[in-house]
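First up is the structure itself, then whatever we jot down about it.
Values in this text are rule-based calculations from the coordinates and carry no lab data. Given the structure is predicted, the values throughout are model-derived calculations rather than measurements. Please note: Cβ atoms are built from the backbone with ideal geometry, for glycine as well, and neighbour counts cover all protein chains shown.
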Amino acid sequence: MLSFSTDDIAPEHRFEQWREVRGKSLFGVTIDLPFERRLLFRGAFRAHMVGGAVASEMKASAYRVSRTGRDIARVAGDSLCLSLQVKGGGWLDTGRGGLDAVRPGDMAICHSDLPYAGGPDSDSDFHFLMLKIPLTDEITLGRRADDLFAARPMESMRFMGPFRALFDALVSPDIPLVDPAEDVTHAARLALAARGRLRPNQPEVRAAFRAGLYYRALAIMARDKLQPELSPAAVAGELGISLRQLHILFERTGRSFARTLAALRIEMAHKLLVEMPSLSVTQIAFACGFDSLATFYRVFGSTYGTTPGNIRPS
């Protein structure tokens, strides 16, 4: 994990450090900010490797940014970049005529080595996530990707839900991945399908779609894990697939739907046992969606090798 923050730098040097060391050397971009706002600048960046790709997160004061021909020559990447604007709006110019609006929640797909310029529509801070995937013929299935200027994926594409779920899983350091390298390849292929470079009916794209569906299912289970009535049928219904198709998604993981849900619930129970000593073991067991105390003790013991009472602070 690589992390950097301007908090430990004197205010008068923060923007210059961010621009020269992070902007030019690490990000391969040119950034600018009016002098009168530089003393107020703050920024934080973190990145981690995942399956051969780089997942990064940036939170910073608003500024103008561009990737010029000189930037590309200095820091070339030949990578597919998948990004999400979490917070902060603005504009983007890819040199094709006109400006594209950038809104919170927008995703974009582009090749790393094409020029662009962008800027904020206000002085508000921004929050940005990106997955940078080095390209190979195996990943692209021999299709061209080096001419993909930044653009949103096709919103009508039925792959959007699975694509976003797979992206969220890859950029988060906390979500357990089934196979990081394979999942990165799946994300790239869904992105290429979203930009019309791969056909949705190709076997490799269908496999990527199933991987994304699994992470969508996992997100639904994480969201609703405390509900005792959460069932495979409920998750399958939200995904718009059959019960059989849902169970097939979990075959790749080697762990069933029931075991996956139990693991999510027992992790939450462990957290509550440590952080909320005022709650009894029974209260926590039922609050975390277990339908019996015996099941809770059995799952807890097989997971942590001890009883719930033994992990509580003395």
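Compute the Rg/Rh shape ratio of the range 258-311: radius of gyration over Kirkwood radius, all on alpha-carbon atoms.
Reported Rg/Rh, Kirkwood definition of Rh: 0.91.
Could you pull out every one of the aspartates and glutamates with an alpha carbon less than 14 Å from that of K59, ignoring same-chain neighbours closer than 8 positions?
The reachable aspartates and glutamates, counting only those whose Cα sits under 14 Å from K59, are D7, D123, D125.
Which FRET efficiency value, to the nearest 0.05, do you get for A207 and S3 by plugging their Cβ-Cβ distance into 1/(1 + (r/R0)^6) with R0 = 25 Å?
Approximately 0.15, to the nearest 0.05.
Place a label point 7 angstrom from the Cα of R158 along the Cα-to-Cβ direction, then list the residues of the range 217-254 whose backbone nitrogen is under 12 Å away.
240-242
Dipole magnitude of the chain about its Cα centre, charges +1 at Lys/Arg Cβ and -1 at Asp/Glu Cβ only, in debye to the nearest 20?
520 debye
Taking the Cα centre of the range 98-233 as origin, work out the dipole magnitude from +1 charges on Lys and Arg Cβ and -1 charges on Asp and Glu Cβ, in debye rounded to 20.
With Lys and Arg at +1 and Asp and Glu at -1, about 600 debye.
Near M58, within a Cβ-to-Cβ distance under 12 Å, what is the net charge of the other residues, with Lys and Arg +1 and Asp and Glu -1?
+3
With Kirkwood's inverse mean 1/r over C-alpha pairs for Rh, give me the Rg to Rh ratio of the chain, two decimals please.
1.03
Which of the aspartates and glutamates could a cross-linker span from K225 if the Cα-Cα distance has to be under 18 Å and same-chain partners fewer than 8 positions apart are dropped?
D174, E238, E267, D291
How do W91, W18 rank when sorted from fewest to most other Cβ atoms within 10 Å of their own Cβ?
With the fewest neighbours first, W91, W18 line up as W91, W18.
What is the magnitude of the charge dipole of the range 1-153 about its Cα centre, with +1 placed on the Cβ of each Lys and Arg, -1 on the Cβ of each Asp and Glu, and no other charges, expressed in debye to the nearest 20?
Result for the range 1-153 is approximately 40 debye, rounded to the nearest 20.
Please check which bits of the range 222-256 a label hung off D291 would reach, taking the label as a point 7 Å along Cα-to-C-beta and the cut-off as backbone N under 16 Å.
225-235
Any chance you could give the angle, 0 to 90 degrees and rounded to 10, that helix 293-304 forms with the longest Cα principal axis of the chain?
50 degrees
Summing Lys, Arg as +1 and Asp, Glu as -1, what charge do residues with Cβ under 12 Å from the Cβ of F290 carry, F290 excluded?
The answer is +2.
Please give the direction-averaged projected area of the C-alpha convex hull for the range 28-151, in square nanometres with one decimal.
For the range 28-151, the mean projected area of the Cα convex hull comes to 8.1 nm².
Please name which of V50, S280, I248 has its Cα lying farthest along the dipole of the chain towards the positive end, using unit charges on Cβ (Lys, Arg +1; Asp, Glu -1) and the Cα centre as origin.
The Cα lying farthest towards the positive end belongs to I248.
Pick from E36, E138, E57 the residue whose mean-square fluctuation is largest in a GNM of the chain, springs joining Cα atoms under 10 Å.
Among E36, E138, E57, the largest GNM mean-square fluctuation belongs to E36.
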